[in-house]
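To start, the structure under review is shown below, and the notes come after it.
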Amino acid sequence: MGRVVPKEIANIMQKKHEINGVIFNLNTSIDYVQRKNKAYEINLKNKKKFTVDMIIVGIGAIPNTKIFDNTDLKIDNGIITNEYCQTSIRNIYAAGDVSNFYHPLYKTNIRLESWKHAQNHGINAGKNIVNKRTIYEDIPWMWSDQYDLNLQLTGMCSNYETLVKRGVDEFEGVVYFFIKNRKIIGACGVGIKGKIGKDVRIAGKLAEKKITVTKEILSNSLQKLNKLY
């Protein structure tokens with residue numbers, strides 16, 4: 001989670017997994033794997049060994065653009081598109097995980113991997129294909145349920161100036177707001193299901209509307225955020 005989630009929230013999630021019997025081996029890597037009958041022995045470079053029934057490899061995703069290598073499409077971590085889902089070739093559009101699109105709010109290109117983005121980006125591309133010229137400026141949003149905890153993230157949680165915490169722990173619900181130029185550019189929270197969804201959703205609205213905020217209001221759980229817009 002280190003790429004996009006505050007360390008404090010990542011620690012809450014790790015602790016929850018450990019309580020439920022998950023073992024983490026950080027700052028090491030696999031040295032080699034041996035087949036042992038119907039099981040596997042995992043040998044780590046930190047000299048630890050594990051015998052397991054199954055190996056699941058989660059190493060991220062890379063956009064598959066090789067089919068376009070000999071074309072005029074601009075490729076850089078995906079197919080480059082503008083805010084209308086247009087590629088560098090006239091009348092060719094791209095959307096979803098494979099598109100590295102320009103976001104007018106963040107004034108940079110972004111490539112996202114989430115079902116909501118793929119759905120809405122595809123809808124936007126369809127509108128522009130039929131000449132309903134529409135800018136794609138949705139605020140990124142994703143979620144993950146792990147045990148009884150719900151994690152949600154909206155916006156961009158990088159290139160920020162100030163980090164503001166709201167809430168004490170996962171039982172109350174804790175949300176971190178990423179602030180730049182006194183405006184929210186992203187938020188990430190975790191809590192028992194139902195605790196943080198509203199605040200994260202409102203944070204996305206505040207980011208979209210570019211509303212100026214203060215640390216005092218954001219950090220005070222007694223202050224309702226919907227009064228800010």
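Considering only F171, N181, W141, the residue lying farthest towards the positive end of the dipole of region 141-222 is N181, judged by Cα position with unit charges set on Cβ. Estimated translational diffusion coefficient (Stokes-Einstein, Kirkwood radius over Cα pairs, 10 °C, 1.306 mPa s) of region 39-89: 107 µm² per second.
The convex hull drawn around the Cα atoms of region 49-161, when projected onto a plane and averaged over every direction, covers 11.3 nm².
The Cα-based radius of gyration of region 101-229, divided by its Kirkwood radius, gives an Rg/Rh of 1.00.
Output the relative contact order of region 123-174, whole-number percent, from Cα pairs under 8 angstrom with separation of 6+ residues. Walk me through the numbers before you get to the answer.
Numbers: 33 pairs, mean separation 10.4, N = 52.
20 percent.
Please check: in the Gaussian network model of the chain (C-alpha springs, under 10 Å), which one of K183, K15, K36 has the largest mean-square fluctuation. Sorting by GNM fluctuation, first place goes to K36. Using only Cα atoms, locate the centre of region 7-36 and the centre of region 160-178, then give the distance between them in Å, rounded to an integer. Using only Cα atoms, the two centres lie 24 Å from each other. On the basis of the beta-carbon distance and an R0 of 41 Å, D76 and T212 show a calculated FRET efficiency of 0.75. Based on Cα contacts under 8 Å between residues 6+ apart, the chain shows a relative contact order of 11 percent. For the chain, the 222 nm mean residue ellipticity estimated from helices alone, with every DSSP H stretch of n ≥ 4 adding -39500 (n - 2.57) and the total spread over all residues, rounds to -6000 deg cm²/dmol. Scanning the chain for GluC sites (Glu not before Pro) lying in DSSP loops with no more than 15 further Cβ atoms inside 10 Å, the longest uninterrupted stretch between such sites is 1-112. Can you check what the net charge comes to around Y229, using other residues whose Cβ is under 9 Å from the Cβ of Y229 (Lys, Arg +1; Asp, Glu -1)? That works out to +3. Comparing L73, L26, L218, which has the greatest mean-square fluctuation in the GNM of the chain with Cα pairs linked when under 10 Å apart? Largest GNM mean-square fluctuation: L26. Charging the Cβ of each Asp and Glu at -1 and of each Lys and Arg at +1, and nothing else, the dipole of the chain about its Cα centre rounds to 320 debye.
In this rough spin-label picture, where each label sits 7 Å from Cα along the Cβ direction, the L163-I192 distance is 2.6 nm.
The magnitude of the dipole of region 1-124, with charges of +1 and -1 set on the Cβ of Lys/Arg and Asp/Glu and taken from the Cα centre, is near 520 debye.
Here the Gaussian network model covers the chain, with springs between Cα atoms less than 10 Å apart; of I12, I185, I30, I30 fluctuates the most. The fewest-to-most ranking of H103, H121 by surrounding Cβ atoms within 10 Å reads H103, H121. Expressed per residue, the C-alpha convex hull volume of region 66-129 stands at 84 Å³. Enter the Cα centre distance for the pair region 65-104 and region 139-157, rounded to the nearest angstrom. Rounded to whole Å, the Cα centres lie 26 Å apart. Please compute the contact order of region 143-229 in relative form: average sequence separation of alpha-carbon pairs under 8 Å and at least six residues apart, divided by the residue count, as a percent. After rounding, I find 28 percent.
Taken together, the values in this text are just the output of simple stated rules run on the coordinates, not laboratory data. If you're wondering where the values come from, they're calculated on a predicted model, not measured in any experiment. Don't worry about glycine lacking a Cβ; one is built from the backbone with ideal geometry, like all the others, and counts go over all protein chains shown.
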